[in-house]
Amino acid sequence: MVPIPAALMALSLLLLRLMIAAVFGTSGWSHLTHPAERAQSIGMSKGFTFFLGAAELAGALGVAFGVLPQWAAAGLILVMLGAIQKKIFVWHTGFWGKGSQGWHYDLMLAIMCLVVVATGGGRWVLLG
């Protein structure tokens with residue numbers, strides 16, 4: 001096995017964190033700015049949808065900037081577990097789903113967050 005330079009590892013983890021932040025940040029922002037529409041689409045109350053948006057945005061910012069990234073990623077894992085539960089048991093969506101709306105996407109994001117939890121987010125964090 002070829003050793004991976006520390007700088008490449010740090011860059012890889014930073015890029016992973018930024019990808020997580022892009023997905024959760026845009027989702028959270030959508031929940032916060034359009035709570036009624038988003039609430040209807042996910043089948044939740046407007047208040048819970050607003051809370052969910054705030055949690056996603058806070059988690060995204062924490063992961064992106066490296067401020068308690070393990071805790072932020074753990075919170076985002078909980079959000080994804082809720083989404084997976086809803087897709088499997090309420091909407092009866094398959095792993096792949098229809099039109100790429102399956103729970104594979106949510107599982108992938110949860111595992112990406114798990115990498116941040118396991119690694120601490122890498123060397124380039126502000127407050128670990």
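Values in this text are rule-based calculations from the coordinates and carry no lab data. Note that this is a predicted model, so its numbers are computed, not measured. Note that each Cβ is placed from the backbone with ideal geometry, even for glycine, and that neighbours are counted across all protein chains shown.
Given the criterion of a type in the set (G, A, S) and closer than 29 Å to L68 by Cα, identify the matching residue among G94, G121. Break it down into steps so the answer makes sense when it comes.
Details: G94 fails: closer than 29 Å to L68 by Cα.
Answer to the check: G121.
Among the candidates G97, G59, G75, single out the residue that is more than 21 Å from A7 (Cα to Cα) and over 14 Å from the mean Cα position of the chain (by Cα).
On the way: G59 fails: over 14 Å from the mean Cα position of the chain (by Cα); G75 fails: over 14 Å from the mean Cα position of the chain (by Cα).
Checking each option against the conditions leaves just G97.
Matching residues to (1) within 14 Å of the chain's Cα centre (by Cα); (2) under 22 Å from A118 (Cβ atoms); (3) buried (at least 18 other Cβ atoms within 10 Å of the Cβ):
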| residue | (1), (2), (3) |
| --- | --- |
| P3 | no, yes, no |
| L8 | no, yes, no |
| M19 | yes, yes, no |
| G47 | no, no, no |
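Identify, by number, the condition in (1) closer than 17 Å to L13 by Cα; (2) out of contact with any Ser or Thr (no Cβ under 8 Å at 6 or more places or on another chain); (3) surrounded by 13 or more Cβ atoms within 10 Å (Cβ to Cβ) that G122 doesn't meet.
(2)
Restricting to segment 72-90, count the residues that are of a type outside the set (K, R) and surrounded by 15 or more Cβ atoms within 10 Å (Cβ to Cβ).
Step one: list which residues in segment 72-90 are of a type outside the set (K, R), which gives 72-85, 88-90.
Still in the list and also surrounded by 15 or more Cβ atoms within 10 Å (Cβ to Cβ): 72-77, 79-80, 83-84, 88.
Selection size over segment 72-90: 11.
Look through A54, A83, A60, A110 and report the one residue that is among the hydrophobic types (A, V, I, L, M, F, W, C), part of a helix (DSSP H, G or I), in contact (Cβ under 8 Å) with a residue 40 or more places away in the chain and closer than 18 Å to A22 by Cα.
Values: A54 fails: in contact (Cβ under 8 Å) with a residue 40 or more places away in the chain; A83 fails: in contact (Cβ under 8 Å) with a residue 40 or more places away in the chain; A110 fails: in contact (Cβ under 8 Å) with a residue 40 or more places away in the chain.
Checking each option against the conditions leaves just A60.
Table: residues versus (1) assigned to a loop (DSSP other than H, G, I, E, B); (2) out of contact with any helix residue (DSSP H, G or I) (no Cβ under 8 Å at 6 or more places or on another chain); (3) on the phi > 0 side of the Ramachandran plot.
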| site | (1), (2), (3) |
| --- | --- |
| P3 | yes, yes, no |
| A7 | no, yes, no |
| A10 | no, yes, no |
| L18 | no, no, no |
| T26 | no, yes, no |
| H31 | no, no, no |
| A39 | no, no, no |
| M44 | yes, no, no |
| F48 | no, no, no |
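Quick one: is G128 closer than 24 Å to P5 by Cα and either touching a Ser or Thr at 6+ places or on another chain (Cβ under 8 Å) or of a type in the set (K, R) (or both)? Talk me through it step by step, then tell me what you get.
Details: closer than 24 Å to P5 by Cα: yes; either touching a Ser or Thr at 6+ places or on another chain (Cβ under 8 Å) or of a type in the set (K, R) (or both): no.
Here the answer is no, as G128 does not meet what is asked.
Among (1) of a type in the set (G, A, S); (2) surrounded by 15 or more Cβ atoms within 10 Å (Cβ to Cβ); (3) without any contact (Cβ under 8 Å) to a residue 60 or more places away in the chain; (4) in contact with a Gly (Cβ under 8 Å, 6 or more places away or on another chain), where does G94 come up short?
Failed condition: (2).
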